[in-house]
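Asker: Please read through the structure below; I'll follow up with questions.
The values are calculated or read from the model by the stated rules, or taken from the named source; none is laboratory data. Every value quoted in this text rests on a predicted model; they were computed, and no experiment measured them. Glycine also receives a Cβ, built like all others from the backbone with ideal geometry; neighbour counts cover every protein chain displayed.
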Amino acid sequence: MKITRLIAIAAACLCPFLANAEERGTKDEAQTMVERGLAHIKKVGEPQAFKDFSDPNNKEWHIKDVYLFCYDFKAVNTCHGANEKLIGKDLSELKTADGQLLIKNLVKIASEKESGWISYEWSHPQTKKIEPKQAYVKRIPGVNGLIGAGVYR
């Protein structure tokens, strides 16, 4: 009886963490979404693709807590899967919780290396807590811009 009760207590304690883990995207999912996003841009063009990526009801471009974002190399947002109000805004001075100039760093990665990962601290939209996050970005071929997706670690 004691073991059954302990298992039930342990399960009750772990369930919130397990549910939370299922809602979080992985690095592989973020990188795959960026690659799929690039293929979509090539297929339908930037204006339509950016509109698709920014539509919060389009489940193809919103998996768990992973969504796409796009910036030109002047740090102006061109698509955003979590906040359409950012589109068209110059975010060159946007700082992370740990003080990095996030968009400038994303642009640097995409323009100099073509693709790569960055680690930073960011507020999780659901928990509102500052958490470690990583984003994968890749240059959009033939364009002075990038596409990316991030995951909370």
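Asker: Which members of segment 107-153 meet the condition of being among the basic types (Lys, Arg) and more than 23 Å from residue 36 (Cβ to Cβ)?
Answerer: Filtering segment 107-153 for residues among the basic types (Lys, Arg) gives 108, 113, 128-129, 133, 138-139, 153.
Passing the criteria: 108, 128, 129.
Asker: Right, here's the next one. Can you name the number of the only condition in (1) buried (at least 16 other Cβ atoms within 10 Å of the Cβ); (2) out of contact with any Asp or Glu (no Cβ under 6 Å at 6 or more places or on another chain); (3) within 22 Å of residue 32 (Cα to Cα) that residue 91 fails?
Answerer: Among (1) buried (at least 16 other Cβ atoms within 10 Å of the Cβ); (2) out of contact with any Asp or Glu (no Cβ under 6 Å at 6 or more places or on another chain); (3) within 22 Å of residue 32 (Cα to Cα), residue 91 violates only (3).
Asker: What are the residue pairs meeting all of these: first residue in segment 112-138, first residue in contact (Cβ under 8 Å) with a residue 40 or more places away in the chain and under 15 Å from residue 25 (Cβ atoms), second residue surrounded by fewer than 16 Cβ atoms within 10 Å (Cβ to Cβ) and hydroxyl-bearing (Ser, Thr, Tyr), Cβ atoms under 8 Å, and 6 or more apart or on different chains?
Answerer: Taking only residues 6 or more apart or on different chains, the pairs are 134/119.
Asker: Output the number of residues of segment 30-52 satisfying the condition of being in contact with a helix residue (DSSP H, G or I) (Cβ under 6 Å, 6 or more places away or on another chain) and touching a residue at least 40 places away in the same chain (Cβ under 8 Å).
Answerer: Number of matching residues: 1.
Asker: Are any residues in segment 91-110 touching a helix residue (DSSP H, G or I) at 6+ places or on another chain (Cβ under 6 Å) and touching a residue at least 24 places away in the same chain (Cβ under 8 Å), and if so, which ones?
Answerer: Across segment 91-110, the qualifying residue is only 96.
Asker: Just checking, does segment 72-81 include any residue being within 18 Å of residue 25 (Cα to Cα) and buried (at least 16 other Cβ atoms within 10 Å of the Cβ)?
Answerer: Residues of segment 72-81 that are within 18 Å of residue 25 (Cα to Cα), as a first pass: 80-81.
Okay, now just the ones that are also buried (at least 16 other Cβ atoms within 10 Å of the Cβ), so 80-81.
The answer is yes; a qualifying residue exists.
Asker: Condition first: more than 13 Å from residue 30 (Cβ to Cβ) and surrounded by fewer than 18 Cβ atoms within 10 Å (Cβ to Cβ). Now tell me which residues in segment 52-71 satisfy that.
Answerer: Here is the first cut: in segment 52-71, the residues more than 13 Å from residue 30 (Cβ to Cβ) are 52-60, 70-71.
Correct list: 55, 56, 57, 58, 59, 60.
Asker: While we're on this one: Among the small types (Gly, Ala, Ser), at pLDDT 95 or above and surrounded by 15 or more Cβ atoms within 10 Å (Cβ to Cβ): does that describe residue 49? Break it down stepwise before answering.
Answerer: Working: among the small types (Gly, Ala, Ser): yes; at pLDDT 95 or above: yes; surrounded by 15 or more Cβ atoms within 10 Å (Cβ to Cβ): yes.
Considered against the rule, which asks whether it is among the small types (Gly, Ala, Ser), at pLDDT 95 or above and surrounded by 15 or more Cβ atoms within 10 Å (Cβ to Cβ), residue 49 comes out as yes.
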